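Each remark here refers to the structure printed beneath this line.
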Amino acid sequence: MNKQNIIIAPDSFKETMSAQEVCDGIKNGFQRVFTNANFHTIPLADGGEGTVEVLVNSTSGEIIKTKVYDPLFREVESFYGILGDKKTAIIEMASASGLELLSQNEKNPMNTSSYGFGQLINHALENGVKDFVLGLGGSATNDCGIGMLQALGVIFYDNKNNILPLVCGKDLENISSFDASLLKEKFKNINIEVACDVKNPLCGSNGASYVFGKQKGANKDMIKTLDSYVSSFADLCESTLSIKRRDIEGCGAAGGLGFALITFLDAKLKSGIDIIMDKAGLEQIIQKADLVITGEGKIDSQTINGKTPIGVAKLAKKYDKKVIAIAGCVSNDYEVVFDYGIDAVFDITPISMDFETIKKESKRNLELTAFNIAKCLSM
């Protein structure tokens, strides 16, 4: 096989290496063998943490910093990206309303709000943005997006027609009506794509509260209560707006934020990795490839659910390209990825290492693994 054009398009290895560092490590290893090859490195993300950095770097865009509320209404410095086209904003929900902004004892989806995320959208609108890419991973909220909606201008009322102040998850119970009239003009000619790979509906045993509530700090009783709250809010939206969206796949993303985005802002839920690959122009590059290398921190049976390696492999197989995946580690059930376009999988982690040593040695191990793979391919 000719190895003149080698495409390297991985996700980050999370706690050990950024996507760019993974690209560099694989390239360094392969260059020791294929000294005359043309390497194209495209760091990727699937809509979660790191998405802003990846797209800003790949399009020569810029990072915009601004102060917003965190999930508990404390002012923090946050950020979003403007892509190289100067009209598209890429926003990670977690940068304003994410679980990582809270300590362990602060995690409680009754008290958390997506308000800060709405503030980021507002800031981008004020800077003339017309197109949005929104990543929903890592949320600390189960407020069905009411915090975001309030920041964008929706007014919520209780049963005595009093305006509710800053709202969070527990306030879903108190909303009797709302006024969303400001949104129509505000979002006229605005296009919103949502990087969303979860398939969960809004309510029920497979919905936002039951599936994701525990990791956000909810106990069993709280999960049951929150599910009833989001269901009641969905009832209110259906009776007020005469549209039903609660059962659409992805509505349960980010504690029901997916529901709010498609119900109130006519957003489009799409595969995160598909959006990122499109914005990064990966398809045009892959067409000329002799070999495609991808990867992520851990490859297992969950990788097939919209993760970066499968997105890259699917695109590569469209043009009949061979695909190698390199992972920080693999689990016992990883072989399922072979049914989704990946031809070979390698991990970089020696079994005998403890985690602290793994973190310390990850860059070296990645380069050595890439070197060994390249040696095999050169035979």
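List of remarks:
- Number of the condition not met by Val211 [criteria: (1) of a type outside the set (Gly, Ala, Ser); (2) closer than 15 Å to Asn142 by Cβ; (3) touching a Lys or Arg at 6+ places or on another chain (Cβ under 7 Å); (4) without any contact (Cβ under 8 Å) to a residue 60 or more places away in the chain]: (3)
- Checking each residue in the stretch 199-214 for being surrounded by 21 or more Cβ atoms within 10 Å (Cβ to Cβ), within 20 Å of Gly306 (Cα to Cα) and among the hydrophobic types (A, V, I, L, M, F, W, C) picks out Leu202, Ala208, Phe212.
- Against the numbered list (1) buried (at least 17 other Cβ atoms within 10 Å of the Cβ); (2) within 30 Å of Asp143 (Cβ to Cβ); (3) without any contact (Cβ under 8 Å) to a residue 60 or more places away in the chain, Lys307 comes up short only at (3).
- Selection status of Leu202, part of a loop (DSSP other than H, G, I, E, B), modelled with pLDDT of 95 or more and on the phi < 0 side of the Ramachandran plot: yes
- In the stretch 317-331, of all residues being out of contact with any Lys or Arg (no Cβ under 8 Å at 6 or more places or on another chain) and farther than 20 Å from Thr16 by Cα, the one that is surrounded by the fewest Cβ atoms within 10 Å (Cβ to Cβ) corresponds to Asp320.
- Candidate set: the stretch 200-235, residues that are polar (S, T, N, Q) and within 19 Å of the chain's Cα centre (by Cα); chosen: the one farthest from Ala253 (Cα to Cα): Gln215
- The stretch 52-82: number of residues that are at pLDDT below 95, farther than 17 Å from Gly116 by Cα and among the aliphatic types (A, V, I, L, M): 3
- Residue within the stretch 149-156 that is closer than 30 Å to Ile304 by Cα and either buried (at least 17 other Cβ atoms within 10 Å of the Cβ) or in the same structural domain as Lys244 (by TED's automatic domain parsing) (or both) present: no
- From the list Phe187, Phe212, the lone residue that is in contact with a Leu (Cβ under 6 Å, 6 or more places away or on another chain) and outside the structural domain of Pro309 (by TED's automatic domain parsing) is Phe187.
- Given (1) charged (D, E, K, R); (2) at pLDDT 90 or above; (3) under 16 Å from Thr41 (Cα atoms), number of the condition Asp266 does not satisfy: (3)
- Residue check for Ile273: surrounded by fewer than 23 Cβ atoms within 10 Å (Cβ to Cβ), β-branched (Val, Ile, Thr) and under 27 Å from Met93 (Cβ atoms): no
- For the stretch 351-362, the condition of being under 30 Å from Cys196 (Cβ atoms), modelled with pLDDT of 90 or more, surrounded by 13 or more Cβ atoms within 10 Å (Cβ to Cβ) and out of contact with any Asp or Glu (no Cβ under 8 Å at 6 or more places or on another chain) holds for none of the residues.
- Qualifying residue in the stretch 149-160 (condition: over 22 Å from Ala45 (Cβ atoms) and of a type in the set (Lys, Arg)): yes
- For the stretch 332-370, a residue qualifies if it is acidic (Asp, Glu), closer than 20 Å to Cys23 by Cβ and assigned to a helix (DSSP H, G or I), and the qualifying residues are Glu361, Glu367.
- Restricting the stretch 226-272 to residues that are free of Cβ contacts under 8 Å to residues at least 12 places away in the same chain and not charged (D, E, K, R) leaves a set whose member that is nearest to Val194 (Cα to Cα) is Ser242.
Here's the yes/no breakdown for (1) of a type in the set (Val, Ile, Thr); (2) touching a residue at least 24 places away in the same chain (Cβ under 8 Å); (3) touching a strand residue (DSSP E or B) at 6+ places or on another chain (Cβ under 6 Å); (4) not in a helix (DSSP H, G or I):
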residue: Asn108; (1), (2), (3), (4): no, yes, no, yes
residue: Gln119; (1), (2), (3), (4): no, yes, yes, no
residue: Asn122; (1), (2), (3), (4): no, yes, no, no
residue: Gly128; (1), (2), (3), (4): no, yes, no, yes
residue: Thr141; (1), (2), (3), (4): yes, yes, no, yes
residue: Gly153; (1), (2), (3), (4): no, yes, no, yes
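- Scanning the stretch 223-253 for residues that are in contact with a Pro (Cβ under 7 Å, 6 or more places away or on another chain) and either closer than 15 Å to Pro109 by Cα or not assigned by TED's automatic domain parsing to the domain that holds Asp171 (or both) returns Leu226, Gly252.
The values are calculated or read from the model by the stated rules, or taken from the named source; none is laboratory data. In this text the structure is predicted, and so the values were computed from the model without any measurement. FYI the Cβ positions are ideal-geometry reconstructions off the backbone, even for glycines, and counts take in every protein chain you see.
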